[in-house]
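To start, the structure under review is shown below, and the notes come after it.
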Amino acid sequence: MANEYSSFQLLANGILKENPIFKLALSMCPAVGISTTVSNGVMLGIAVLFVQVFSSVTISALKNFIHPRIRIPTYTLTIATWVTVIDLSLAAFFPGAYAKMGIFVKIIVAFAIITMRLEMFACKEDVSDSFWDGLGMGLGFMVGMVVIGFVRELLGSGAVFGYDVLGFKPLLFFILPSAGFFVVGLMMAFFNWIEAVYAARKREVKQ
Amino acid sequence: MSNILTIIFRLTLSCLIAGTVMGTTFVFTNKAKKANEHAREEKVVYSLLGYSAENPIPESMGLYEVFRYVITDAGQSSIGYLVPAGAGDHSEGFTFVRIDLEGKYMDSNPVTISHEKVREQKDRDVAIAAAIGGGKDIRFADHTIIVTDSGSRLAYLLSGKFPGFKTSIHIMMALDPTYSVLGLEIMEHEEDPGLGAEIEQDYFKNQFKHKPFETIKSIEVAKAPLPPEYFDAMEGKVDEEAAIEVMKQYRDQDIYALTGATISSAAVSNGVRSMTKKFAYRLDILDRVIKEQQLQVPF
């Protein structure tokens, strides 16, 4: 496969141009449900990063073996396998982290972003490109989760990373799941606005 | 047709590979996982009793595990307790005492099982089945640790679970010999973060600390704001003596429900109430039976 993009471009693509949460609007359930604190966002982000990278590489390596008619079941199987492996390894070797991350790791099987990346990218491109793409998507997801988590934790519990910074709870509403949609919506608007401004400036320079 | 066969073959192969990978990981990690869980439980046990790695349990103390079973024999249910036998030097194995539902003694049988293996439910079930004879349905119910210091009872450690807002809440708690609560620890739960998950915070679970049995028996949740000085005392923001003084004032009060999580709060206080009440009732019967039958137990 012709290498159209550099690895850095693939990485940046996942974080900015095709950010899973703010641009592709995928995996909104976890983004809304779990991002109540910054540390939750980081934990889920790390877990997704690992699963995404491992699954992308696996599918990319096996793409010639997978029958096109059964690719979706195969993706699900691959993701489930990696999630289980990561879940068991964490429980065995990092009990401290697992105590906090355990429930998040198990639900990754159902994440749309991972299946979508396998379908759109990994099953067509070679292994190293898939690795960078998976890394970029995972990091993009993590950035999204951390940003949403930051806003919600600050406004909902007046804290950042569990440390009380405001000394009071401004709006308990932000802890509730419905508030996640507001934060995601505002963030999307913000990202699109930045892109619009950036594109307009680029046009001006050209003229 | 050949398409179907290829698909079947490839999908089966993928499943087999995935299964092998998962199985291998399980084999490699299971032992470490169990050891971690056990280590965590032990740590909670020590911290509930007020000990830690720097402040280890004194030699004179003994921890004895009692396992409760429900036995069904030809439609007749009875309760069985697996208690350590002898004077407590962990050498004489266990005794399985059976008590009927009215609290009358039925029989007791020696069970041969080592003190390491008794923690494994499968090994334990097999040993008990061998001791009481086949054809009976035995079901593990719960286990309690009885803590003694130079022969007299110091505390009971109960572990149990009850339904929370979404799934079960697993807790471990320590009671003193008069069944007053010494401490409470939430082991596992899946309550909503920021709302029900606050049950694991000190300012909620320490509300149970030092509540006498009489209060626990009828404890409810109160929908009232938590007084700030009580919050500070439970979170350890004031020095220890002042905290004890403040907590004494609230000793006979109900539990202050968490904001936005009344169901989780009520679940925990109902769970603690029923666990304590049932335990007190059962232990009284077991103690009476042990005394009447003059069974040799270390506690």
Subject >> Sparse-neighbour loop sites [chymotrypsin sites (Phe, Trp or Tyr not before Pro); segment A:1-108; at most 11 other C-beta within 10 Å; DSSP] >> reply: A:Phe65
Original post:
Helices from chain A with mean Kyte-Doolittle at least 1.6 and a Cα length along the axis of 30 Å or more, per DSSP H: which?
Top reply: A:38-61
Original post:
Considering chain B as a Gaussian network with a 10 Å cut-off on Cα pairs, which listed residue, B:Thr215, B:Thr167, B:Thr29, attains the greatest mean-square fluctuation?
Top reply: B:Thr29
Subject >> Estimated FRET transfer efficiency (B:Asp287, B:Lys122; beta-carbon r; R0 51 Å; 0.05) >> reply: 0.95
Subject >> Whichever lysines have a C-alpha closer than 21 Å to that of A:Lys124, once near sequence neighbours (fewer than 8 apart) are set aside >> reply: A:Lys17, A:Lys63
**OP:** Work out the FRET efficiency for B:Thr24 and A:Lys100 from their Cβ-Cβ distance, taking R0 = 30 Å, and round it to the nearest 0.05.
**Re:** 0.70
Subject >> Extension reserve of the B:Ile57-B:Thr112 stretch, reckoned as 0.36 nm per residue once the Cα distance is removed >> reply: 17.0 nm
**OP:** At 1.4 Å probe size, with every protein chain present, just tell me what the per residue accessible area of segment B:203-299 comes to in Å².
**Re:** 53
**OP:** Compute the distance in nm between two label points, each set 7 Å from the Cα along the Cα-to-Cβ direction, one at B:Ala129 and one at A:Glu195.
**Re:** 6.2
Subject >> Average partner coverage of B:10-23, which counts Cβ from other chains inside 10 Å >> reply: 4
**OP:** Only counting protein heavy atoms at a 1.4 Å probe, give the residues of segment A:81-125, ordered by number, whose accessible area falls by 50 Å² or more when the other protein chains are present relative to the chain alone.
**Re:** A:Thr81, A:Leu88, A:Ala92
Subject >> Peptide-level mean, for B:29-41, of C-beta atoms on other protein chains within 10 Å >> reply: 3
Original post:
Which of the residue pairs B:Lys136/B:Lys291; B:Lys104/B:Lys136; B:Lys31/B:Lys166; B:Lys31/B:Lys291 have a Cα-Cα distance greater than 31 Å in the structure shown?
Top reply: B:Lys31/B:Lys291
Original post:
Other chains' Cβ within 10 Å of B:243-251 residues: what's the mean?
Top reply: 0
Subject >> Estimated inter-spin distance, B:Glu240 and B:Val70, nm [label 7 Å along Cα→Cβ] >> reply: 4.2
**OP:** Report the full-extension gain for the segment B:Glu229 to B:Phe9: residue separation times 0.36 nm, less the Cα-Cα distance, to one decimal in nm.
**Re:** 72.4 nm
Original post:
Quick one: which of B:48-55, B:282-289, A:121-128 comes out on top by average Cβ neighbours within 10 Å, and what's the full order, highest first?
Top reply: A:121-128, B:282-289, B:48-55
**OP:** At 7 Å along the Cα-to-beta-carbon direction for both A:Lys124 and A:Ala112, put a label point, then send me their distance in nm to one decimal.
**Re:** 2.0
**OP:** Can you tell me the FRET efficiency between B:Arg40 and B:Arg139 if r is taken as the Cβ-Cβ distance and R0 is 22 Å, rounded to the nearest 0.05?
**Re:** 0.30
Original post:
Chains B and A: buried accessible surface, both sides, probe 1.4 Å, rounded to 100 Å²?
Top reply: 2000
Original post:
Please state the relative contact order of chain B as a whole percent: Cα pairs under 8 Å, 6+ residues apart?
Top reply: 15
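The values are calculated or read from the model by the stated rules, or taken from the named source; none is laboratory data. These numbers come from a predicted model, not from an experiment. Ideal geometry is used to build each Cβ from the backbone, glycine not excepted, and the neighbour counts take in all protein chains shown. Quick note on the areas: whole protein, heavy atoms, side chains included, nothing else; ligands and nucleic acids left out. Shrake-Rupley method; radii C 1.70, N 1.55, O 1.52, S 1.80 Å.
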